[in-house]
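S.K.: Could you have a look at this structure, given as C-alpha cells, before my questions?
Bear in mind that the values in this text are calculations on the coordinates, not laboratory data. Everything numeric in this text was worked out from a predicted model, so none of it was measured. Every residue, glycine as well, gets a Cβ built from its backbone with ideal geometry; the counts of neighbours run over all protein chains shown.
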Amino acid sequence: MALLEIRNATRRFGRFAALEDVSLTIESGEFFTLLGPSGCGKTTLLRMIAGFEKPDAGQILLDGRDLAGIPPEKRPVHTVFQSYALFPHMTAFDNIAFPLKMGKRPEREIRERVSRALGDVHLLDKADAYPKDLSGGEQQRVALARGLINRPRLLLLDECLAALDAKLRVEMQIELIDLQKELGITFVFVTHAQDEALALSHRIAILNHGRVEQVGEPSSVYGFPKNRFVADFIGHISQVEACVKESTHTHLRLEAQGLEIIAPPLKSAAAGEKGIFAIRPEQVRIGHDELSELRNHFAGTVVSVLYRGDVSEYKVGLEGGASIEALLPNTGRAFCVNDKVCVGWRHDVGMYLHE
Amino acid sequence: MHRLWAASVFLFLYLPLVVVVVYSFNDSRLNAEWVGFTLGWYRELLRDGDMLKAAGNSLAVAFISSLISTLLGTMAGIAIQRYRLRFLNFLVMAPVAMPEILVGVSLLLFYIQLMDMSLGMLTVVLAHVAFSVGFVAVVVRVSVASLDERLFEAARDLGASPFEVFRRITFPLILPGIIAGFLMAFTLSIDDFVITFFTAGVGFQTLPLRIYSMIKISVTPEVNAVSTLLMMLTLFLTLVAMRLAPDALKGKA
C-alpha cells in the first residue's frame, strides 16, 4: 500500500484553480519532489497534506486513512518551512525539543533524543544559541532536526534550501540525501529549482497551473518529457517547429524550417501533423566536416557563446532560420561568434513533441 | 532660525513642568520667589490624610482598571489581527478618539439614568476600563502583527493544539506588548481628570480630583509636591512601556 495517496484533489480560490484534479501516489521511503513554477499549486498541495488547507474535492490518504477532518497537530506529518519558522524565544535545543514536549515525552528521553539530534546535524555546540545568533545554514539544520525528531511518517520540505547561498545549498543537498537515506523517512520536497529536483529526488511530479504534467524518475522526466512545458521547464532544450513527414516504428522523418531531421519514433505521431522537434544542448555536437557521418547534420553560424568555465554554451543559427544550442566542454577546440560551423546529432536522440 | 523655534517650543512644553518641580522644594508658602530649599512640603503631603486617601484611591482604580482593560484589550488585539476584524477594531478604537467630555457626560447619564447605579469607585473603574481598552488593543495588535504567522502554523504542525500554541508561542512573544499595554492603561488612568470628574460622584476622590479641589483655593507648594511625584511615576511607567514595545509606541502601527 502506498504511504500517501492523493485522489483527485481540487482547490479553488475564487475563480483561480490552485489545484485541479491532482492524483499522486507516494511510496514509503521515497524522496518525492513537487516541481513547478511559482503559482503552480505545489505549495497548496503541501499545505493540504500538512492540514492547513482543505481540498474542495478529492481525498488525501495516509497509510490508507483519510486525513479529512484531522487537524495539523494530529497528523504524523511535519513541515520544514521556507522561512524555517524557528521559535525566536527558544534556544536551538528547545526548538528541537518542541515536538517531543507536545507529545508529552518524559524529560530524560527528551534530553537524550535532542542531544543526539543536535549531534546528527553537527550543532552540539549551538544547543543554547537562539535562532537570531545562528547562521542561515545552522537555522536550516535546526529546522530539519526539529521536523525529524518525532519520526514523522512524512516530512514536508517547502523550498527550504532557497534562502541559502549556492555553495551551502549543495552541501545541504548532500546532507538531505544522506539524512533521508539514513532515517528512511519519506520526504516530500517542494521546489521551483529544476536542478535541485533532479539532484535530490527519487521521483519528481511536475506541476503547472494546478495540474500534474508528468511524474517520473529524474532521468525519465529529463530525457523523455511528455510535453513542451516539461521539456522547457526542466533543463535547457532547443525547440524547432516541425512537421511530420513520415512516421514508422523505427524513426520519424521531420521537416523543420527547411531541415530534414530524423528523430526517434513516436507511435502517436501521424504523418502530416505539426509539432516541435526538441533536443538537449549536450546531445548536439559542433564541429566541421567530420560530423557528416551523423544522420542529422547542418551548416550554420555561431550566433552567441556563453563561457561558463567548465563548459561553453553555443547558439548556432542554421540555414532556414532555426537555431540550435550546443554544450561543449572546454577541453579542446573552441569556436567564436560568426564562425562557420556544422552541428550534428545522432538519429536516436532528440524528440518530437505534439503541439 | 528654525532651531530657535524648536527651542522655544520645547521651552513652552517643559518650563511649566520645571517650575512645578522646582517650587515643590521652595521654602515659602507663595509660588512667587525662591527662598530656600526644603523637603517640608513633601513631609506635609505625608501628613495630609485626605491626600493620601485620594492617592490610594487613584492607585487602586489604576491597578484594577488596567488589569481588566489589559485582559480585554489583549483578547481584542489578538482577535483583530488574527481574524482581520475591522469592525471590532473600529468599536475598540472609537472611544480613544472620542472627546473625553463627551465620554464623561454619556457615562454619567448611562450610570444614573439607565443603570440606576450610585457613583463611586466601581463607576470610575468601569469608565477607565472603557477608555483604556483601545490603547491596550493597539499595542497588543502591533506586537501580534510583528510575528511571523508561520510560527503559529509551525507549532500546530509540530503537534501543538491551538491552546498550546497560545501558551507557548503567542503569549511569550507578545508579553512585552501586553505589559506595555498595561503600563499605558495605568498611566492613563492615574492622571485622568475629565472622565473621572463626571463618574466619581461626591464621596469618592482620586488624586487629580483632589489636586483640582485644592487649587480652587490656591496653588500651594503641596500641590507642586504631589504633582512632581505624579509626574515621576507616569514618566517612569512611560519609559518602561517604551522599552518593552518600542514599535507600538513609536507609531509604527
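S.K.: Would you order A:C336, A:C160 from fewest to most other beta-carbon atoms within 10 Å of each residue's own beta-carbon? Mind dumping the intermediate values first?
M.R.: Details: A:C336 9, A:C160 23.
Taking fewest neighbouring Cβ atoms as first place, the list is A:C336, A:C160.
S.K.: Would you kindly work out the equivalent ellipsoid of the protein assembly as shown from its C-alpha gyration tensor and give its semi-axes, the square roots of five times the eigenvalues, largest first in whole Å?
M.R.: Each semi-axis is √(5λ); the values are 73, 28, 24 Å.
S.K.: With springs only between Cα atoms under 10 Å apart, run a GNM on chain B and tell me which of B:Q113, B:Q81, B:Q205 wobbles the most.
M.R.: Sorting by GNM fluctuation, first place goes to B:Q113.
S.K.: Separate question: Averaged over its residues, how many other protein chain Cβ atoms are within 10 Å of peptide A:77-89's Cβ atoms?
M.R.: Averaged over the peptide's residues, the number is 5.
S.K.: Among A:Q214, A:T79, A:G344, pick out the residue whose Cα is farthest towards the positive end of the charge dipole of the protein assembly as shown, where Lys and Arg carry +1 and Asp and Glu carry -1 on C-beta, about the Cα centre.
M.R.: Ranked along the dipole, the leading option is A:T79.
S.K.: So how much slack lies between A:A193 and A:K104, counting 0.36 nm per residue of separation and subtracting their Cα-Cα distance, in nm?
M.R.: Stretched fully, the A:A193-A:K104 segment lengthens by 28.2 nm.
S.K.: Continuing with this model, one more query. Report the charge-dipole magnitude of the protein assembly as shown in Debye, nearest 20, computed about the Cα centre from +1 at each Lys and Arg Cβ and -1 at each Asp and Glu Cβ.
M.R.: Around 1340 debye, computed over the protein assembly as shown.
S.K.: Give the angle, between 0 and 90 degrees and rounded to the nearest 10, that separates the Cα long axis of helix A:107-120 from the longest principal axis of the Cα atoms of chain A.
M.R.: The helix A:107-120 is inclined about 30 degrees to chain A.
S.K.: Ok, one more. Okay, helix-only estimate at 222 nm for chain B: each DSSP H run of n ≥ 4 adds -39500 (n - 2.57), divide by all residues, round to 500 deg cm²/dmol; what do you get? Kindly include the intermediate steps, with their values, before the conclusion.
M.R.: Values: 13 runs with 188 residues, N = 253.
Helix contribution divided over all residues of chain B: -24000 deg cm²/dmol.
S.K.: With N set to the number of residues, divide the alpha-carbon radius of gyration of segment A:236-354 by 2.2 N^0.38 Å and report two decimals.
M.R.: So the Cα radius of gyration is 1.05 times the expected 2.2 N^0.38 Å.
S.K.: Output wanted: per-residue J couplings in Hz (rounded whole) for segment B:64-70, from phi through Karplus 6.51 cos²θ - 1.76 cosθ + 1.60, θ = phi - 60°, x for Gly and Pro.
M.R.: Each residue of segment B:64-70 in turn: 5, 5, 6, 4, 5, 6, 5 Hz.
S.K.: Spelling out what I want: for every residue of segment A:188-202, take phi, set θ = phi - 60°, compute 6.51 cos²θ - 1.76 cosθ + 1.60 (Karplus), and round to whole Hz; glycine and proline get x.
M.R.: 10, 10, 10, 7, 10, 8, 5, 5, 5, 4, 5, 6, 9, 8, 6
S.K.: Over the whole of B:140-151, what's the average partner chain Cβ count within 10 Å per residue? Rounded to a whole number, please.
M.R.: The shielding value for this peptide is 2.
S.K.: Using the crude model of +1 on Lys and Arg Cβ and -1 on Asp and Glu Cβ, and no other charge, please compute the dipole size for chain B relative to its Cα centre, in debye to 20. Working shown, then result.
M.R.: Values: 18 positive and 16 negative charges, 103 e Å.
Charge dipole of chain B: 500 debye, to the nearest 20.
S.K.: For segment A:4-230, count all C-alpha to C-alpha pairs, find those more than 31 Å apart, and express that count as a whole percent of the total.
M.R.: Percentage above 31 Å: 21.
S.K.: How large is ³J(HN,Hα), in whole Hz, for each residue of segment A:256-268 in order, when computed from phi with the Karplus curve 6.51 cos²θ - 1.76 cosθ + 1.60 and θ = phi - 60°, using x for Gly and Pro?
M.R.: 10, 6, x, 9, 9, 10, 9, 10, x, x, 9, 4, 7
S.K.: For Cα pairs less than 8 Å apart in space and 6+ apart in sequence, what is the mean separation divided by the residue count of segment A:236-354, i.e. the relative contact order in percent?
M.R.: 31 percent
S.K.: Next up: What is the helix-to-structure angle for B:171-190, meaning the angle in degrees between its Cα long axis and the longest Cα principal axis of chain B, kept from 0 to 90 and rounded to the nearest 10?
M.R.: Once rounded, the angle reads 30 degrees.
S.K.: For A:D125, A:D94, A:D339, which order do you get if you count the other beta carbons within 10 Å of each Cβ and list the fewest first?
M.R.: Lowest to highest Cβ neighbour count: A:D125, A:D339, A:D94.
S.K.: A:H347 to B:L91: FRET efficiency via 1/(1 + (r/R0)^6), r the Cβ-Cβ distance, R0 56 Å, to the nearest 0.05?
M.R.: 0.15
S.K.: As an exercise, identify the trypsin sites (Lys or Arg not before Pro) in segment B:20-100 lying in DSSP coil whose Cβ has no more than 11 other Cβ atoms within 10 Å. Intermediate results must be reported in sequence, preceding the final value.
M.R.: On the way: sites: B:R29, B:R43, B:R47, B:K53, B:R82, B:R84, B:R86; in loops: B:R29, B:R84.
Counting only loop positions with at most 11 other Cβ atoms within 10 Å, the trypsin sites (Lys or Arg not before Pro) in segment B:20-100 are B:R84.
S.K.: Okay, moving on. Could you grab the relative contact order for segment A:246-308? Cα pairs under 8 Å, six or more apart, rounded to a whole percent.
M.R.: It rounds to 25 percent for segment A:246-308.
S.K.: Right, next: What pairs in A:K245/A:K340; A:K104/A:K126; A:K274/A:K315; A:K42/A:K226; A:K54/A:K74 have C-alpha atoms more than 22 Å from each other?
M.R.: Correct reply: A:K245/A:K340; A:K104/A:K126; A:K274/A:K315.
S.K.: Provide the gained length on full extension for the span A:I174 to A:S115, in nm with one decimal, where the gain is 0.36 nm per separating residue minus the Cα-Cα distance.
M.R.: Full extension from A:I174 to A:S115 adds 19.0 nm.
S.K.: For segment A:1-117, how big is the tail of P(r) above 23 Å, as a whole percent of Cα pairs?
M.R.: Above the 23 Å cut-off, segment A:1-117 has 42 percent of its Cα pairs.
S.K.: Using Cβ contacts closer than 10 Å as the measure, can you line up B:R168, B:R156 from fewest to most?
M.R.: In increasing order of surrounding Cβ atoms, one gets B:R168, B:R156.
S.K.: Shifting gears a bit: Just to verify a number: FRET efficiency for A:L183 and A:D128, C-beta to C-beta distance, R0 = 30 Å, to 0.05?
M.R.: Approximately 0.75, to the nearest 0.05.
S.K.: Show the residues, 5+ positions off or on another chain, whose built amide H is closer than 5 Å to the amide H of A:F189.
M.R.: A:F32, A:T33, A:L34, A:L157
S.K.: Would you mind computing, in nm to one decimal, how far apart the modelled labels at B:I215 and B:R82 are, each placed 7 Å from Cα along Cα→Cβ?
M.R.: Here the modelled spin labels are 4.5 nm apart.
S.K.: Next question, about the same structure. Quote the convex hull volume per residue of segment B:59-151, based on C-alpha atoms, as a whole number of Å³.
M.R.: Dividing the Cα hull volume of segment B:59-151 by its residue count gives 101 Å³.
S.K.: At 7 Å along Cα-to-Cβ for each site, give me the label-to-label distance between B:S106 and A:E355 in nm.
M.R.: 7.0 nm
S.K.: Separate question: For segment A:117-223, what's the relative contact order in percent, using C-alpha pairs closer than 8 Å and at least 6 residues apart?
M.R.: 19 percent
S.K.: Work out the length of the dipole vector of segment A:4-230 about its Cα centre, built from +1 on the beta-carbon of each Lys and Arg and -1 on the beta-carbon of each Asp and Glu, and round it to the nearest 20 debye.
M.R.: Around 620 debye, computed over segment A:4-230.
S.K.: What residue among B:V105, B:M242, B:L126 has its Cα farthest toward the positive end of the dipole of segment B:103-253, where the charges are +1 on Lys, Arg and -1 on Asp, Glu, each on the Cβ?
M.R.: So the residue we want is B:M242.
S.K.: Kindly provide the helix-only [θ] at 222 nm of chain A, computed as the sum of -39,500 (n - 2.57) over DSSP H runs of four or more divided by all residues, to the nearest 500 deg cm²/dmol?
M.R.: Mean residue ellipticity at 222 nm (helix-derived): -7000 deg cm²/dmol.
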